[in-house]
1. Look through region 370-407, keep the residues that are surrounded by fewer than 19 Cβ atoms within 10 Å (Cβ to Cβ) and of a type in the set (S, T, Y), and return whichever of them is modelled with the lowest pLDDT.
2. Filter region 308-330 down to the residues that are within 19 Å of the chain's Cα centre (by Cα), on the phi > 0 side of the Ramachandran plot and open to solvent by 10 Å² or more (accessible area, probe 1.4 Å) and list them by number.
3. Within region 273-373, considering only strands (runs of 3 or more DSSP E) that don't extend past its boundaries, which have at least 2 residues that are more than 30 Å from W146 (Cβ to Cβ), touching a strand residue (DSSP E or B) at 6+ places or on another chain (Cβ under 8 Å) and not polar (S, T, N, Q)?
4. Given (1) among the β-branched types (V, I, T); (2) touching a residue at least 60 places away in the same chain (Cβ under 8 Å); (3) touching a helix residue (DSSP H, G or I) at 6+ places or on another chain (Cβ under 6 Å), where does I11 come up short, assuming only one miss?
5. Give the residues of region 230-272 that are over 19 Å from A147 (Cα atoms), part of a loop (DSSP other than H, G, I, E, B) and β-branched (V, I, T), sorted by residue number.
6. Could you identify the single residue in I179, I79 that is at pLDDT 80 or above and β-branched (V, I, T)?
7. Return the residues of region 439-473 that are at pLDDT below 90, assigned to a loop (DSSP other than H, G, I, E, B) and among the polar types (S, T, N, Q); say none if nothing qualifies.
Amino acid sequence: KLAAEFPSEDIFLMTASPLIKAVTNFKQVSKTLEEFDVEEQPSSLLEKRYPNIKVIQSGVKQLKSDEHKIYTEDGKEYIYEKLCLCAGAKPKLIVEGNPYVLGIRDTDSAQAFQKNLAQAERIVVVGNGGIALELVYEIQGCEVIWAIKDKAIGNTFFDAGAAEFLIPKLTAENQETPIECKRTKYTVEGMQEKDKPTAASDKLGSALGPDWHEGLRLKGTKEFAHKVHIEILCEVKKIHLQQEFIQLQQTSLTFPKEEKNVEPDEVLWPVYVELTNGKIYGCNFIVSATGVVPNVEPFLDGNNFAVGEDGGLQVDKHMHTSLPDVYAAGDICTAAWEPSPVWHQMRLWTQARQMGWYAAKCMAADTAGESIDMDFSFELFAHVTKFFNYKVVVLGKYNAQGLGSDHELMLRCTKGHEYVKVVMQNGRMMGAVLIGETDLEETFENLILNQMDLSAYGEDLLNPDIDIEDYFD
């Protein structure tokens with residue numbers, strides 16, 4: 001976007017990775033909903049398309065904002081007129097530096113995970129966001145103990161009702177074959193698989209795209225499809241290596257089977273997880289899918305950034321940080337403007353793309369001394385994704401975020417087919433969760449945006465015999 005806005009200026013893209021993430025197959029589904037794929041491409045493709053872009057492959061060592069300078073790891077310095085920080089976030093690991101704890105957020109860590117899974121008989125997954133959800137569903141031939149701190153699965157995206165709707169899919173013996181995903185895959189030239197350094201979890205890769213598990217063979221050693229046991233309302237208290245565990249003289253548990261009482265485990269595992277509910281399970285390794293923290297480290301030193309509560313660089317409604325000529329976008333930033341009543345920040349690919357595009361517009365307007373209106377994409381929180389092979393659309397305050405207790409929920413659910421939930425407040429629609437092919441997203445998007453009073457319709461709003469999209473067309 002910057003290259004198009006400033007065709008005669010030099011634009012430097014600094015990245016620690018030889019590949020860049022590109023948005024492909026972009027589709028505007030509705031006013032605020034968009035679908036796209038994320039794929040890795042060699043940076044030369046970007047340079048070919050925009051002759052004024054130069055990609056500098058090096059990590060950033062230091063930012064000296066008072067001098068408008070960036071120092072890179074390879075010992076060079078660059079002077080900027082305007083700078084936008086888009087360094088993303090890094091996985092929030094439950095424990096640092098333990099070889100049996102893997103964090104997943106980027107393509108490299110997903111590959112390391114695949115290698116480990118091939119030899120695994122049992123793993124423990126910790127976390128309850130999108131990646132944990134996808135992972136647990138995709139893994140076959142390996143026992144999975146899934147530890148979540150909430151009452152229900154997928155808490156970042158839905159409520160207990162939606163979780164109940166999805167759970168049968170976890171225990172289904174065999175999965176439907178997913179629709180073939182058409183996507184080209186780039187690897188770094190001259191780096192054969194064997195020479196590829198395995199990504200240490202402290203190295204930053206680029207974040208995973210929405211269907212990152214496509215093309216990865218997620219299969220353990222056993223011959224069954226799904227074996228998932230969910231431990232709710234608990235967190236990891238301690239992780240013991242095999243030797244420590246033997247010295248503890250505690251008992252660990254076997255994989256729980258419905259009919260039997262839980263029995264002590266005879267097998268010796270490489271690592272043991274002690275949960276806050278008192279249970280101990282042995283496993284081959286632990287996947288930490290507990291969210292991300294903004295990757296601000298290299299930029300804070302010597303710069304007086306205003307930092308949000310979640311650790312991100314605060315930006316105003318023009319994506320400007322608290323320092324002159326420095327902007328930020330995506331996972332690294334924290335939206336510090338007064339948000340629309342039905343929008344909130346969430347560290348997702350869709351928002352990163354919107355923020356990056358809008359930040360470039362703001363940088364251009366600023367340079368030209370023009371004023372600019374807030375981009376429409378920040379009017380309504382809207383995200384479309386896929387879980388367990390179902391299409392999932394979340395709109396507005398879909399989990400009644402910040403609405404207090406004076407709201408009500410309306411539900412419609414057809415087992416194995418669709419799940420529709422709307423959040424209402426004072427007769428107005430504030431949010432919705434749609435799972436399955438409901439075809440209601442555009443109608444609901446409009447009803448949330450125009451805040452029409454719907455109290456007259458009552459329960460009929462979700463009556464399957466009334467064609468509501470026709471009605472509000």
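The values are calculated or read from the model by the stated rules, or taken from the named source; none is laboratory data. Owing to the predicted nature of the structure, the values given are computational and were not obtained by experimental measurement. We place every Cβ from the backbone using ideal geometry, glycine too, and count neighbours over all the protein chains shown. These accessible areas exclude ligands, DNA and RNA; they are computed on the full protein's heavy atoms, side chains included. Shrake-Rupley method; radii C 1.70, N 1.55, O 1.52, S 1.80 Å.
1. Across region 370-407, the extreme among qualifying residues is S405.
2. Listed by number, the list holds a single entry, G311.
3. Details: elements: 280-283, 285-288, 292-294, 313-315, 326-328, 333-335.
Per the criteria, 313-315, 326-328, 333-335.
4. All conditions are met except number (2).
5. Hit for region 230-272 is V267, nothing else.
6. Numbers: I179 fails: at pLDDT 80 or above.
On inspection, the qualifying residue turns out to be I79.
7. Scanning region 439-473 gives a single hit, N463.
Let's see how each residue does on (1) open to solvent by 30 Å² or more (accessible area, probe 1.4 Å); (2) more than 18 Å from K227 (Cα to Cα); (3) in contact (Cβ under 8 Å) with a residue 24 or more places away in the chain; (4) not in a helix (DSSP H, G or I):
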position: D74; (1), (2), (3), (4): yes, yes, no, yes
position: G97; (1), (2), (3), (4): yes, yes, no, yes
position: L117; (1), (2), (3), (4): no, no, yes, no
position: A120; (1), (2), (3), (4): no, no, yes, yes
position: I123; (1), (2), (3), (4): no, no, yes, yes
position: N128; (1), (2), (3), (4): no, no, yes, yes
position: A132; (1), (2), (3), (4): no, no, yes, no
